[in-house]
Amino acid sequence: MVVIPDEVYQWCRPDSQLPKDLIRTPKKDYTSTLKKFALEETFFDEINVETDPYKYDINFRNQFKARMLPYSLSTQIIRESTLEPETYTDHFGNMKRKLSDIKGHIAWSLSSTAYYKIGGKPWKLGKIRSGVCYIGLAYKQDYRSKSIRNACCAAQMFLDSGDGTVFKGAVGPWYNPVRGDYHLSKEQAKEIMELALKTYQVENERIKPGTNNLPKEIFIHAKNSFNQEEYEGFCEALPTGIKVVCISIKKTDSLKIFTQKKFPVLRGLAYLMSETSAFLWTQGFVPRLQTSLASEVPNCLDINISQGEHDIDVICQDILSLTKLNYNACIYADGLPVTLRFADSVGEILTAAPFDEFIDAPPLAFRYYI
């Protein structure tokens with residue numbers, strides 16, 4: 001547990017505006033020069049030392065998580081005002097954060113995420129297909145790079161047991177600024193799949209000793225589509241008999257369904273457009289809870305099979321199940337599957353520090369990134 005003063009939360013975020021008396025940097029024009037020098041080392045050691053702060057993300061959380069990766073430390077960051085809200089008051093003596101109504105929620109969330117981060121699982125899916133592996137691809141542009149096309153790629157792998165692992169790909173020209181999407185080269189796709197297969201074997205042997213260490217099916221999720229080159233790279237890395245399916249999953253408001261009742265559409269409703277595409281409502285009315293967890297008319301997920309073949313109905317069922325595995329926030333029926341729910345967060349952590357600081361770090365459990 002990492003307890004931080006509220007001043008860190010207030011001033012150490014990307015959009016924070018520091019008071020002048022807290023600024024300890026050189027004048028502005030020299031700062032911009034140091035940012036340029038941070039892209040590559042100079043011949044002068046004094047300048048290299050001064051550029052070090054500009055090699056890291058200005059978001060405290062992301063930078064802290066990134067710096068902990070080489071040490072394999074899972075952390076939970078908590079603000080002091082969360083533990084003692086009565087000590088943080090305004091000029092009139094009123095508490096700045098009124099948490100009395102959600103103390104139970106805070107306690108439940110902290111206890112469940114702490115249990116998960118020490119290696120436990122607060123719950124498991126009751127019905128999940130065995131021998132299936134789910135991989136979510138996360139991309140993040142590397143703004144410290146000279147090229148706008150350079151981005152970091154990471155993969156989040158989840159087994160049928162619910163265990164998750166994150167492993168890093170290389171930084172490369174994966175981003176297309178014209179189309180605004182990401183695509184791997186054939187070689188990088190093959191490399192990521194080889195690493196995923198190796199990690200699957202290690203994790204599966206740890207969880208189920210003596211069982212078959214190869215998955216039967218691999219489903220790869222991403223927020224953008226997959227091209228033929230990526231698919232060929234994935235397939236080349238796999239032994240004969242393992243099926244791989246690439247699926248594009250995006251949130252969309254292009255289709256809204258309104259009901260004449262007091263509650264919205266049922267969670268789990270799917271509209272199968274074709275054999276390769278469907279709309280899936282992962283938020284909505286839950287009969288068992290007799291309520292809807294969505295605060296408005298819920299949007300759906302636009303699901304498309306980009307490469308490979310599989311029953312679209314089964315794919316929708318799998319994605320719906322994966323929305324129940326958000327151990328970090330302890331949310332039942334999350335809007336996105338866990339393969340993509342933290343994609344942006346994982347990418348931000350991997351680009352929050354110089355890539356060479358943790359390039360040799362082994363694949364780590366998902367809990368180290370959330």
### Task
Please find, among Ser81, Ser112, Ser74, the residue that is assigned to a loop (DSSP other than H, G, I, E, B), surrounded by 15 or more Cβ atoms within 10 Å (Cβ to Cβ) and either at pLDDT 85 or above or of a type in the set (Lys, Arg) (or both).
Ser74
### Query
Within the stretch 115-173, which residues are in a loop (DSSP other than H, G, I, E, B) and among the hydroxyl-bearing types (Ser, Thr, Tyr)?
Ser130, Tyr143, Ser145, Ser147, Ser161
#### Entry: Selected residue [free of Cβ contacts under 8 Å to residues at least 12 places away in the same chain and of a type in the set (Ser, Thr, Tyr)] from Ser147, Ser111
Ser111
### Task
Answer yes or no as to whether Thr165 is polar (S, T, N, Q), closer than 20 Å to Ala66 by Cβ and in contact with a helix residue (DSSP H, G or I) (Cβ under 8 Å, 6 or more places away or on another chain).
yes
### Message
Cβ-Cβ under 9 Å, sequence separation 6+ or interchain: first residue in the stretch 1-30 and under 30 Å from Ala107 (Cα atoms), partner modelled with pLDDT of 90 or more and part of a loop (DSSP other than H, G, I, E, B). Which pairs?
### Response
Met1/Thr75; Met1/Gln76; Val2/Thr75; Val2/Gln76
### Task
Taking only the stretch 313-346 into account, find how many residues are of a type in the set (A, V, I, L, M, F, W, C) and under 21 Å from Asp253 (Cβ atoms).
8
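For (1) at pLDDT 95 or above; (2) within 26 Å of Trp174 (Cα to Cα), each residue gets a yes or a no:
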site: Phe219; (1), (2): yes, yes
site: Val244; (1), (2): yes, yes
site: Thr259; (1), (2): no, no
site: Ala270; (1), (2): yes, no
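Could you name every one of the strands (runs of 3 or more DSSP E) located completely within the stretch 253-370 that has at least 2 residues being of a type in the set (Gly, Ala, Ser) and surrounded by 14 or more Cβ atoms within 10 Å (Cβ to Cβ)? Before the answer, list the steps.
Values: elements: 270-272, 277-280, 300-307.
Output list reads 277-280.
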### Task
Can you tell me which residue within the stretch 295-325, out of those that are of a type in the set (S, T, N, Q) and under 20 Å from Ser130 (Cα atoms), is modelled with the highest pLDDT?
Gln317
### Message
Among the residues in the stretch 221-239, are any assigned by TED's automatic domain parsing to the domain that holds Val346, out of contact with any strand residue (DSSP E or B) (no Cβ under 7 Å at 6 or more places or on another chain), surrounded by fewer than 16 Cβ atoms within 10 Å (Cβ to Cβ) and assigned to a loop (DSSP other than H, G, I, E, B)?
### Response
yes
## Note on the structure
Just one listed residue, out of Phe44, Phe60, is surrounded by fewer than 16 Cβ atoms within 10 Å (Cβ to Cβ) and either over 30 Å from Ala196 (Cβ atoms) or modelled with pLDDT under 85 (or both), and it is Phe44
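The values are calculated or read from the model by the stated rules, or taken from the named source; none is laboratory data. The structure displayed is predicted, hence computed values, not measured ones. Neighbour counts run over all protein chains shown; Cβ positions are idealised from the backbone, glycine included.
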